[in-house]
Amino acid sequence: MSNRLDGLRRRLVESEFDAILVSQSENRRYLSGFTGSDGFLLISQDRAVLATDFRYIEQAYAEAPSFDIFRISGKISDWFPKLSNGSGIRKLGFEEKDLSFDTHRQLTTVIGAINAKISLVPTGGILESLRAVKDEAELKLLEAAAARSDAALDEVLPYINPGISERELAWRLESAMRGNGSDPLPFETIVASGSNSTLPHAKPTDKALAEGEPVVIDLGARVGGYSSDCTRTICLGEEDSTLRRIYDIVLGAQLTAMATLQAGMTGEEGDRLGRTVISQAGYEESFGHGLGHGIGLAPHEEPRLGPNSSKIISNGMVFTIEPGIYIAGWGGVRIEDTVVLEEGKVRPLTRASKAWR
């Protein structure tokens with residue numbers, strides 16, 4: 001964790017922050033190791049404090065041994081003056097995408113009441129950009145999560161037959177991931193067949209799988225807080241000519257992006273690699289989401305691969321590549337892998353078979 005704190009402190013100097021108040025749960029865990037659901041980190045050049053309430057004090061001591069533990073209770077006005085007393089903070093960063101309006105209002109009020117010369121300034125995603133590049137320990141956990149979801153799909157594949165419902169199949173996949181050592185899952189497993197597969201974020205229903213239609217399966221496991229994300233589209237029995245054509249276009253888009261994406265590209269340039277294949281096939285309007293998203297402690301994080309994404313993709317980043325085509329009234333196809341960028345090139349972490357049933 002010390003390397004992560006050092007990286008953050010360098011960013012604080014660059015942004016001229018005296019300290020940062022961290023409220024976002026994944027950011028708290030990233031910096032401190034603390035997995036409790038409530039609390040704040042106050043980090044400056046010479047302090048690292050974890051402030052949490054009675055429920056998590058023992059957990060805080062165990063999970064964040066390099067942090068000073070500060071017990072909070074009551075309203076912010078009851079404890080923030082003690083936490084910030086003598087700190088010399090003038091410019092305090094806060095996470096504007098996480099901190100609620102009400103909490104910000106309370107902080108502003110208490111700072112005024114104690115005549116502290118502290119200015120609350122948005123951090124602009126400093127921590128999210130740090131988290132985008134994974135270290136060796138994080139990568140090992142991501143690889144383990146990918147192995148769990150791959151194993152679950154292989155294990156359940158024999159049960160994927162006409163007549164099984166989307167809901168039952170999703171439950172079998174979730175049970176297999178937990179049985180293979182996954183922590184609580186990062187997101188609800190998607191099983192969407194036939195016209196339901198038109199919905200990128202479909203919910204499993206009681207609809208029975210039938211022959212000749214697309215079946216989209218989107219699943220992810222979690223190990224040590226880190227997630228995988230993998231989607232496969234299969235067909236039971238003889239597919240129609242449309243399904244085979246759409247599948248081949250989507251697979252071509254994914255393989256093209258995986259083979260040609262390089263470090264130094266923007267998220268928009270990376271997105272274009274796959275999107276161009278789909279557009280040239282005449283399905284531009286049927287691919288309505290980005291090519292991919294970062295994944296780590298959160299199932300969706302930096303970097304973003306999509307139109308208007310100016311962030312630079314660099315070595316050590318882990319993200320998905322997931323082109324899709326969705327045709328209203330017919331169905332959809334999506335193929336997704338979690339990958340890491342190493343030495344300027346993509347290496348897949350999820351390796352479940354893309355072979356057609």
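The values are calculated or read from the model by the stated rules, or taken from the named source; none is laboratory data. This one's a predicted model, so the numbers in the text were calculated from it and none came from an experiment. Here the Cβ is made from the backbone with ideal geometry for all residues, glycine too, and neighbour counts use every protein chain on show.
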- What number of residues within the stretch 107-131 are farther than 19 Å from S25 by Cβ and surrounded by 15 or more Cβ atoms within 10 Å (Cβ to Cβ)? 6
- Task: Test L92 against the stated conditions and say whether it is in contact with an Asp or Glu (Cβ under 8 Å, 6 or more places away or on another chain), in contact (Cβ under 8 Å) with a residue 60 or more places away in the chain and over 25 Å from H300 (Cβ atoms).
- Result: yes
- Query: Counting just the residues of the stretch 70-119 that are among the β-branched types (V, I, T) and assigned to a loop (DSSP other than H, G, I, E, B), which one comes out modelled with the lowest pLDDT?
  - Reply: I114
- Name the residues in the stretch 122-142 that are part of a helix (DSSP H, G or I) and either in contact with a strand residue (DSSP E or B) (Cβ under 8 Å, 6 or more places away or on another chain) or touching a residue at least 60 places away in the same chain (Cβ under 8 Å) (or both), would you? I126, L127, E128, S129, L130, R131, E138, L139, L141, L142
- Restricting attention to strands (runs of 3 or more DSSP E) lying wholly within the stretch 283-357, give those where 2 or more residues are under 13 Å from the mean Cα position of the chain (by Cα) and not β-branched (V, I, T). 292-294, 301-305
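Each row is one residue, and each column tells you yes or no for (1) out of contact with any Asp or Glu (no Cβ under 6 Å at 6 or more places or on another chain); (2) of a type in the set (A, V, I, L, M, F, W, C); (3) more than 23 Å from P323 (Cα to Cα).
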{"position": "S149", "(1), (2), (3)": "yes, no, no"}
{"position": "D154", "(1), (2), (3)": "yes, no, no"}
{"position": "L157", "(1), (2), (3)": "yes, yes, no"}
{"position": "G181", "(1), (2), (3)": "yes, no, yes"}
{"position": "G194", "(1), (2), (3)": "no, no, no"}
{"position": "P204", "(1), (2), (3)": "no, no, no"}
{"position": "P214", "(1), (2), (3)": "yes, no, no"}
{"position": "G220", "(1), (2), (3)": "no, no, no"}
- Pick from the stretch 143-185 the residues that are among the hydroxyl-bearing types (S, T, Y) and not in a helix (DSSP H, G or I): which of them is nearest to F319 (Cα to Cα)? S182
- Query: Quick check: anything in the stretch 200-220 more than 24 Å from S286 (Cα to Cα), of a type in the set (G, A, S) and modelled with pLDDT of 95 or more?
  - Reply: yes
